[in-house]
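Peer 1: My questions will all concern the structure given below.
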Amino acid sequence: MPPPTDTLASVLPPLPRGREHAARERLALWAALALVLVWGANFSVQKAVFNALSPGGFLFVRYLIMPVAAALLLCSRHGAAWPRVSRADGWALLKLGLAGHLLHVGLVTFGIHWSTAFSSSLILACGPVFTLMILRAHGLEHMTRAQVAGVAVACAGVLVFLSDKLLGGHWQASGGDAVLLVAAAFFAYYTVAAKPLIERHGGVTVMTYATLLGSAPVVLLSLPAGLRVDWLNVSPAIWAGMLWAVLVSAFLGWMVWGWINAVRGVARTAPLIYLMPPVAGVVAWLTTGEHFTAVKLAGAALALAGVALAQFASAKPHDPVLVSVAPVD
């Protein structure tokens, strides 16, 4: 799960100037484009893994791996002296872990399994609309007219996009899309709730503690599904896909995206995430034969245009929360 703000800036060295700075920015841009390719392809990779292990089996093994990786990351930053947090912040981190991992990642996993790769990437890209609506509901952000129009356009685009499946009677895929919309709303909550904690403790600490606290309930709930998997007969390709999805796309991708944001700035980097649905669609077409109707493509274009308008037509265009990217899991 990528962070809602520039979480690694505090641990990076000061940026060089002149040619070295320009070279670093070019490197960050290429890294961002490569990461978008990784994230876009990951939807098809995950669907193959889910089909082999079941969504619950995948969640079980993912949350045996993720806490170890998170703990190693925190040890690399602080050694054995992990940062201390207050009891109030501890409860806030627990709620963050439950919202981000148990609810968001859990729903995303089942949603992707029931839906298609292209649909999943598009629905999750609508996350900033939910973030904006949560901020507005809490009185933290005043929506401009352009943002209201953007939300309306995005909703219309999603409805057009989903109508293609509903009219075709693809109820399971439509249900998967609905689950993904709920998952996007939970990540929007995660984005808003994480901001004050990150400001007090730093992104690495917040991410690792939320991961550690959110992992235990996921493992307990997915244990029956995990025990039903014949792990000794899982093929090397599925093991590779699982490790790719968990460690490369999710965990390493989060760290790389944080470095990219630190170099380029969140506002300049966030628009690149809109390349992810087209990448996911092309990869799904090449690997699984997913087909796209004109109505589906028009709805997708309309939805992404509305999300972009709602996200960037803010009175505070450089607020990291408002320009946070959609979750990629």
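Peer 1: At a Förster distance of 41 Å, what's the computed FRET efficiency of residue 91 paired with residue 294, Cβ-Cβ distance as r, to 0.05?
Peer 2: 0.25
Peer 1: Can you compute 3J(HN,Hα) from phi for each residue in segment 227-244, using the Karplus curve 6.51 cos²θ - 1.76 cosθ + 1.60 with θ = phi - 60°, rounded to whole Hz and x for Gly and Pro?
Peer 2: Couplings: 6, 7, 7, 7, 5, 5, 9, 6, 5, x, 5, 5, 4, 5, x, 5, 5, 4 Hz.
Peer 1: Calculate what fraction, in whole %, of the accessible area of the chain sits on carbon and sulfur atoms when a 1.4 Å probe is rolled over the protein chains.
Peer 2: Its accessible area is 71 percent carbon and sulfur atoms.
Peer 1: Once amide H atoms are placed 1.01 Å from N in the peptide plane, what residues at a sequence separation of 5 or more from residue 116, or on another chain, have their amide H within under 5 Å of its amide H?
Peer 2: Those lying under 5 Å, H to H, from residue 116: there are none.
Peer 1: Given the -39500 (n - 2.57) contribution per DSSP H run of 4+ residues, what per-residue ellipticity at 222 nm results for the chain, rounded to the nearest 500 deg cm²/dmol?
Peer 2: -24000 deg cm²/dmol
Peer 1: Okay, moving on. Each residue of segment 182-197 in turn: what ³J(HN,Hα) in whole Hz from Karplus with 6.51, -1.76, 1.60 and θ = phi - 60°, glycine and Pro shown as x?
Peer 2: So the Karplus estimates, Gly and Pro as x, are 5, 4, 4, 5, 5, 5, 4, 4, 4, 4, 6, 5, 6, 4, x, 5 Hz.
Peer 1: Which loop trypsin sites (Lys or Arg not before Pro) in segment 63-108, with loop taken from DSSP, have no more than 15 other Cβ atoms within 10 angstrom of their Cβ?
Peer 2: 84
Peer 1: In addition: Just the number please: accessible area per residue for segment 94-172, 1.4 Å probe, all protein chains included, in Å².
Peer 2: In whole numbers, segment 94-172 has 42 Å² accessible per residue.
Peer 1: Give the share of C-alpha pairs in each 20 angstrom bin for the chain, from 0 to the last occupied bin, in whole percents, shortest bins first.
Peer 2: 32, 60, 8
Peer 1: Using Stokes-Einstein with the Kirkwood hydrodynamic radius over Cα pairs, what translational diffusion coefficient do you get for segment 67-155 at 10 °C and a viscosity of 1.306 mPa s, in µm²/s rounded to a whole number?
Peer 2: 97
Peer 1: Sticking with this structure for a sec: Explain nothing, just compute: Karplus ³J(HN,Hα) = 6.51 cos²θ - 1.76 cosθ + 1.60, θ = phi - 60°, for every residue of segment 210-221 in order, whole Hz, x for Gly and Pro.
Peer 2: Ordered by residue, 3J(HN,Hα) equals 5, 5, 5, 6, x, 6, 4, x, 5, 4, 5, 6 Hz.
Peer 1: Given the Cα-Cα distance of residue 240 and residue 149 and 0.36 nm per residue of separation, how much length would full extension add, in nm?
Peer 2: 28.4 nm
Peer 1: Moving on. Length gain on complete extension for the stretch residue 220 to residue 33, per 0.36 nm per residue less the alpha carbon to alpha carbon distance?
Peer 2: Length difference between fully extended and current span is 63.7 nm.
Peer 1: Does segment 119-198 come out rounded, prolate or oblate, given a ≥ b ≥ c as the square roots of the eigenvalues of its C-alpha gyration tensor, rounded meaning a/c under 1.5 and, failing that, prolate meaning a/b above b/c?
Peer 2: oblate
Peer 1: By accessible area of protein heavy atoms, probe 1.4 Å, what ranking do 264, 62, 26, 136 get, highest first?
Peer 2: Greatest to least solvent exposure: 26, 136, 264, 62.
Peer 1: Could you tell me the distance between the Cα centroids of segment 27-88 and segment 249-309, to the nearest Å?
Peer 2: Taking the Cα centre of segment 249-309 as reference, the centre of segment 27-88 is 18 Å away.
Peer 1: Give the shape of segment 229-295 as rounded, prolate or oblate, defined through the alpha-carbon gyration tensor: a ≥ b ≥ c are the square roots of its eigenvalues, a/c under 1.5 means rounded, and otherwise the shape is prolate if a/b is larger than b/c and oblate if not.
Peer 2: Oblate, because a/c is 1.5 or more while a/b does not exceed b/c.
Peer 1: Note the full-extension length gain between residue 68 and residue 199 as 0.36 nm times their separation in residues minus their Cα-Cα distance, in nm to one decimal.
Peer 2: 44.7 nm
The values are calculated or read from the model by the stated rules, or taken from the named source; none is laboratory data. Keep in mind that this is a model prediction, so the values were computed, not measured. We place every Cβ from the backbone using ideal geometry, glycine too, and count neighbours over all the protein chains shown. Side chains included, ligands, DNA and RNA excluded: accessible areas come from the protein's heavy atoms. Shrake-Rupley method; radii C 1.70, N 1.55, O 1.52, S 1.80 Å.
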